[in-house]
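Peer 1: My questions will all concern the structure given below.
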Amino acid sequence: MRKILPITLAILCGIVTLVDFFIAQPLIDRIGAMLVEGVTILAAFALLLGLLVLLSAHARRLKRGMRPGLSLALIMAMLGTLAVGVLLPGSATLAWLFGYVYYPLQSTMAALLAFYAISAVYRAWKLRNVHAWI
């Protein structure tokens with residue numbers, strides 16, 4: 001019961017949000033908008049928490065002297081990008097950061113994900129097992 005309820009709730013929320021995109025009904029539109037707004041707020045808090053965890057982990061690494069150059073570069077890049085995003089929203093500098101830093105990193109992550117997915121499919125194919133195929 002502890003696993004079924006959250007999974008069922010997540011599936012129902014996903015179905016309502018999906019139906020909201022295809023059917024123009026005021027009640028479903030309001031519920032879908034509320035769900036999307038809640039997910040946006042949740043994602044913002046998750047991003048903030050992730051940034052704080054990353055910052056604290058690399059601050060600890062700096063204190064211990066473990067690869068201080070890489071940790072310092074990451075912290076400076078993170079704080080610089082955050083400063084540009086907060087102080088200059090919609091500026092050419094932010095557009096440059098997205099165009100020449102974020103989008104190439106996003107493409108690299110997508111390529112790595114595709115490689116690992118193909119690798120997993122190959123390993124499942126080598127097992128020749130019904131469960132592996134599912």
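Peer 1: Roughly how large, in nm² to one decimal, is the mean projection of the convex hull of the alpha-carbon atoms in the chain?
Peer 2: Averaged projected hull area, Cα only: 14.3 nm².
Peer 1: Write out the trypsin sites (Lys or Arg not before Pro) in the stretch 71-133 meeting two conditions: DSSP loop, and at most 13 other Cβ atoms within 10 Å of their Cβ. Present the calculation step by step, with values, prior to reporting the outcome.
Peer 2: Details: sites: Arg123, Lys126, Arg128; in loops: Arg128.
Listed in order of number, the matching sites are Arg128.
Peer 1: Rank-order 28-39, 106-117 by packing density, defined as the average count of other C-beta atoms within 10 Å over each peptide's residues, highest first. Show your work: numbers first, answer last.
Peer 2: Values: 28-39: 13.4, 106-117: 10.1.
Highest mean packing first, the order is 28-39, 106-117.
Peer 1: Can you tally the net charge around Ser56? Count Lys and Arg as +1, Asp and Glu as -1, for every other residue whose Cβ sits under 14 Å from the Cβ of Ser56.
Peer 2: Around Ser56, the charge tally is +4.
Peer 1: Here is a follow-up. Percent of accessible area on the chain owned by carbon and sulfur, 1.4 Å probe?
Peer 2: Values: 8710 of 11360 Å².
C and S atoms contribute 77 percent here.
Peer 1: Per residue, how much accessible area does the stretch 1-126 show when a 1.4 Å probe rolls over the protein heavy atoms, in square angstrom?
Peer 2: On the way: 10400 Å² over 126 residues.
Per-residue accessible area for the stretch 1-126 comes out at 83 Å².
The values are calculated or read from the model by the stated rules, or taken from the named source; none is laboratory data. Computed from a predicted model, the values in this text were never measured in an experiment. Ideal geometry is used to build each Cβ from the backbone, glycine not excepted, and the neighbour counts take in all protein chains shown. The protein model used for the area step is the full one, side chains on, heavy atoms only, and it has no ligands, DNA or RNA in it. Shrake-Rupley method; radii C 1.70, N 1.55, O 1.52, S 1.80 Å.
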